[in-house]
Amino acid sequence: MSGKQQTPSNAVTYHRPGHHHHNRCGSGCGCFTTFLKVLITIIIVIGLAVLILWLIFRPNKVKFHVTDAKLTQFNLTDNQLHFNLALNITARNPNKRIGVYYDTIEAAAVYKDQRLQTKWLPPFYQGHKTTAVLSPEFSGQQLLLLSGQGLAQFNSEKLAGVYDIDVELNLRIRLKFGAVRIGKFKPKVNCEVKVTLSSDGSSAPSLFQSTGCDIDYW
């Protein structure tokens, strides 16, 4: 009898669990890794392009001011406000190399957090280092519900003949860098103005002080 031990022909070979687990990923993992690398590369390229454009053009915010306002009617009777308001709003583009496309301009007059009227102004393009004038006019009547502090403030303003009115601009703009147009930005402009009621219809420019507006691009 030989001392050499033979393995039975029907013996089952034992493999440790997970021994070939690393081979199960196959081509799927390779494709996913490649996708991640391409995505990261694209993000880096876009980020660098935006940074280069910013360094070249150094964009500054457009500045808005209410330079004139005329209020010839502002009467409240039985919760109905009759009003007539006209304004000049300047938009100053201080950038040397950036133009602005104003695709939509929604102007609204607001009093005590209640919208009186909305007007749509015509779209236009504003070139480099230029000033544009917007001239919204609001007139008509609107239901105005005031009570408590709001009513007390209205009576106080009526006695003084000076009213605190908000003018809001909701914009949709694009920027022009040379021949490239980018973005669909939706800034919101809020102008808080004090307007003297002028019953004779005169603009009374000496009574109105130019007022800066706040702008929120996000």
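Brief remarks follow.
- Test: Gly18 is modelled with pLDDT under 70, farther than 30 Å from Phe154 by Cβ, among the small types (Gly, Ala, Ser) and surrounded by fewer than 11 Cβ atoms within 10 Å (Cβ to Cβ): yes
- First in region 63-85 and free of Cβ contacts under 8 Å to residues at least 60 places away in the same chain and among the hydrophobic types (A, V, I, L, M, F, W, C), second anywhere and part of a strand (DSSP E or B) and open to solvent by 60 Å² or more (accessible area, probe 1.4 Å), Cβ under 9 Å, 6 or more apart: Phe83/Gln73; Phe83/Asn75; Phe83/Gln141; Phe83/Gln142
- Enumeration of residues in region 66-89 that are within 13 Å of Val189 (Cβ to Cβ) and touching a Lys or Arg at 6+ places or on another chain (Cβ under 8 Å): Leu87
- The condition (being of a type in the set (A, V, I, L, M, F, W, C) and touching a Phe, Trp or Tyr at 6+ places or on another chain (Cβ under 6 Å)) is satisfied by just one residue among Leu146, Leu175: Leu146.
- Pick from region 37-58, criterion assigned to a helix (DSSP H, G or I) and of a type outside the set (A, V, I, L, M, F, W, C), ranking: modelled with the highest pLDDT: Thr41
- Filtered residue count, region 79-104, keeping only those that are within 21 Å of Phe208 (Cβ to Cβ), in contact with a His (Cβ under 8 Å, 6 or more places away or on another chain) and surrounded by fewer than 19 Cβ atoms within 10 Å (Cβ to Cβ): 2
- Candidate set from region 205-218 (those that are open to solvent by 60 Å² or more (accessible area, probe 1.4 Å) and either of a type in the set (A, V, I, L, M, F, W, C) or part of a helix (DSSP H, G or I) (or both)); member that is modelled with the highest pLDDT: Leu207
- For region 144-163, a tally of residues being loosely packed, with under 14 Cβ neighbours inside 10 Å and more than 15 Å from Asn79 (Cα to Cα) returns 4.
- Residues that are more than 23 Å from Val193 (Cα to Cα) and at pLDDT 90 or above do occur in region 78-94, at least one of them.
- Top-ranked residue of region 166-200 - restricted to ones that are open to solvent by 30 Å² or more (accessible area, probe 1.4 Å) and hydroxyl-bearing (Ser, Thr, Tyr), ranked as farthest from the chain's Cα centre (by Cα): Ser199
The values are calculated or read from the model by the stated rules, or taken from the named source; none is laboratory data. Quick caveat, the model's predicted, so the values are computed rather than measured. Cβ sites come from the backbone with ideal geometry, for glycine too, and all protein chains shown count toward neighbours. Note: accessible area is taken over every heavy atom of the protein model, side chains too, but ligands, DNA and RNA are not part of it. Shrake-Rupley method; radii C 1.70, N 1.55, O 1.52, S 1.80 Å.
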